[in-house]
Amino acid sequence: MPLIRPKAAGAPASSPDPRTAPDVAALKAALQHGTPDARRAAARALAGVPEAAGLLAAALAGEEDIRVREAIFTGLAGLGTGECADLLLALLRSPDAGLRGGALDALAAMPARLPARLPALLRDDDPDVRLLACGLARVLASDEATALMCAVLEREAEPNVCAAAVDVLAELGEPQALPVLARCAARPGAPAFLVFATGIAMRRIRAASDRAGEAGA
């Protein structure tokens, strides 16, 4: 689900002019009971009202129109508050794949909110949540992503979650990830797909390190 990446997500909003401030009660009614076009317009209008984050998130549960969902997710990403991040993170447990995907896209658009939340998410009891959380590390700086994914590999027993962490390291990993990847591949009983993916990640990290060294020479 594509989102328009918000500018300066999380920046404090200026105080609204009471003469032009939206009628939140009317917008709430439109969001809950209006036509799809009315619901979409209401979601867009509420995207400028920080205190409406909970209202927007609650509307997602019963919303089936893809365009309205996109407007809500884009609005939450644009608000970019900690509350929005927490509301979106809760959707990672939804049985609805569309809600999970939309939440991931919106969270990826607010990377400043992730470092404080990902460590706990990566230790969640649900391996599916841990797997999704690995994907969110892609929007972090390479050193942050490397540290988080290495910590995952050192403790994680679920092969699919390990593979997700390895995939992130193949893209963003720094040289300090190499011994961690080597230990992951050498585990007794490590599945072939994980050993293969780990080898690719290590080669890519070494190649990137060599290029960086040549550029700095």
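The values are calculated or read from the model by the stated rules, or taken from the named source; none is laboratory data. For clarity, every value in this text was computed on a predicted model and none was experimentally measured. Reconstructed Cβ throughout: ideal geometry from the backbone, glycine too, with neighbour counts over all protein chains shown.
The set of residues in the range 174-213 being assigned to a loop (DSSP other than H, G, I, E, B) and acidic (Asp, Glu) consists of Glu174 alone.
Can you tell me which of Ala137, Ala120 is assigned by TED's automatic domain parsing to the domain that holds Ala197 and either in a loop (DSSP other than H, G, I, E, B) or within 20 Å of Val180 (Cα to Cα) (or both)?
Details: Ala120 fails: either in a loop (DSSP other than H, G, I, E, B) or within 20 Å of Val180 (Cα to Cα) (or both).
Matching residue, one of Ala137, Ala120: Ala137.
Between Leu89, Leu131, Leu107, the distinction of being crowded, with 18+ Cβ neighbours inside 10 Å and either assigned by TED's automatic domain parsing to the domain that holds Ala165 or of a type in the set (Ser, Thr, Tyr) (or both) belongs to Leu131 only. When we screen Glu154, Glu158 for residues that are under 24 Å from Asp96 (Cα atoms), out of contact with any Phe, Trp or Tyr (no Cβ under 6 Å at 6 or more places or on another chain), in contact (Cβ under 8 Å) with a residue 12 or more places away in the chain and surrounded by fewer than 14 Cβ atoms within 10 Å (Cβ to Cβ), the only hit is Glu158.
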